[in-house]
Amino acid sequence: AEAFHEQGADLAFTYLEEPRGRIEKNVRGLVSSLPGADRHPVLPCDVTDDGSIQNVMDHLRGAWKRLDVVVHCVAYADRDDLNRPFSEISRNGYKLAMEVSAYSLSAVSRMAAPLMRKAGGGSIIALTYNAVEKAVPGYSAMAAAKAALELGVKYLAVELGPDKIRVNAISAGPLDTLASRAISGYLEMKRAHAERAPLRRNITHEEVAKAALFLCSDLSSGITGAVIPVDAGYHIMGI
């Protein structure tokens, strides 16, 4: 968000409504740190509810008339299902991880597309992880969802390409986030990444942000349906 703001983008943020209001408070706190924070809508959105997604798009249609970029930054799996062996993931937990983490990209893209067509095209970005290609302990339910997400990126790229809407994903290395705290063995994962990646270090949030800016700019006008690794080269390593 900071990187896009520095390039002059008008931003909108969403949060999941929940009883304690903790998520909304966190999001509003982050938004308040941006210059001109009052210009950036902060809206409730539950990606398991099509009506909730449509309400966001209706608000943006009234406020902006067009939409150039969508960054899909939502994923969820029950903590117990993250820590279970893959064969023991619960049926309902598997469905939940798929709906929130993968199907939501299709739902959001479908409802964002009309606003992007008005802009003459646009860019949609999703966030994935290398556990799709390699088995990562403690990531089982989410790995399945990310695999479906990456497949969705490809099919949406084909579907929306004629409207000049590009769809790509960033596959980042380990980063300190709220989500990463739920992954068993995360600190060991981060340590191994820094030791074995060709650049011999972990990546930064700023490096992911710069890759996102690239994918949303004319510099990447010929790129769609791609998964771009931002992981200090870790994905090329055999061991």
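Applying 1/(1 + (r/R0)^6) with r as the Cβ-Cβ distance of S180 and N55 and R0 = 35 angstrom yields a FRET efficiency of 0.75.
Remark on L43: its backbone amide H falls under 5 Å from those of F13, T14, Y15, a criterion applied only to residues 5 or more positions apart or on other chains, H modelled at 1.01 Å from N. Taking amide H as placed 1.01 Å from N in the peptide plane, the amide H of V230 sits under 5 Å from that of S171, A172, G173, each at least 5 places away or on another chain. Farthest towards the positive end of the charge dipole of the chain, among the residues T14, N168, S221, is the Cα of S221, using unit charges on the Cβ of Lys, Arg, Asp and Glu.
Computed over protein heavy atoms with a 1.4 Å probe, the accessible surface of region 119-239 works out to 50 Å² per residue. Only the Cβ atoms of Lys and Arg (+1) and of Asp and Glu (-1) were treated as charged; on that basis the dipole of the chain about its Cα centre amounts to roughly 220 debye. Restricting attention to the chain, the count of lysine pairs at 8 or more positions apart or across chains with alpha carbons under 15 Å apart stands at 6. Annotation for region 1-57: trypsin sites (Lys or Arg not before Pro) lying in DSSP loop with at most 11 further Cβ atoms inside 10 Å of their Cβ are R20. Using the average count of surrounding beta-carbon atoms within 10 Å as a protection proxy, the listed peptides 85-92, 232-239 rank, highest first, as 232-239, 85-92. The sum of -39500 (n - 2.57) across all DSSP H runs of n ≥ 4, divided by the residue count of the chain, sets its helix-only mean residue ellipticity at 222 nm to -13000 deg cm²/dmol.
For the chain, modelled as a GNM whose springs connect Cα atoms under 10 angstrom apart, the maximal fluctuation among S32, S52, S104 occurs at S32. Relative to the 2.2 N^0.38 Å rule of thumb, the chain has a C-alpha radius of gyration ratio of 1.00. Summed over the residues of region 1-113 and divided among them, the accessible surface reaches 60 Å² per residue at a probe radius of 1.4 Å.
Does region 111-239 come out rounded, prolate or oblate, given a ≥ b ≥ c as the square roots of the eigenvalues of its C-alpha gyration tensor, rounded meaning a/c under 1.5 and, failing that, prolate meaning a/b above b/c? Prolate shape, in that a/c is at least 1.5 and a/b is the bigger ratio.
Long hydrophobic helices in the chain: the complete DSSP H runs spanning 27 Å or more by Cα along their own axis with mean Kyte-Doolittle hydropathy of at least 0.0 are 140-160. For the chain, the carbon plus sulfur part of the accessible surface works out to 55%, probe radius 1.4 Å.
The values are calculated or read from the model by the stated rules, or taken from the named source; none is laboratory data. Nothing here was measured: the structure is a model prediction, and the numbers come from that model. Positions of Cβ are backbone-derived with ideal geometry, glycine not excepted, and every protein chain shown enters the neighbour counts. When the accessible area is computed, the model is the full protein with side chains, heavy atoms only, and any ligands, DNA or RNA have been set aside. Shrake-Rupley method; radii C 1.70, N 1.55, O 1.52, S 1.80 Å.
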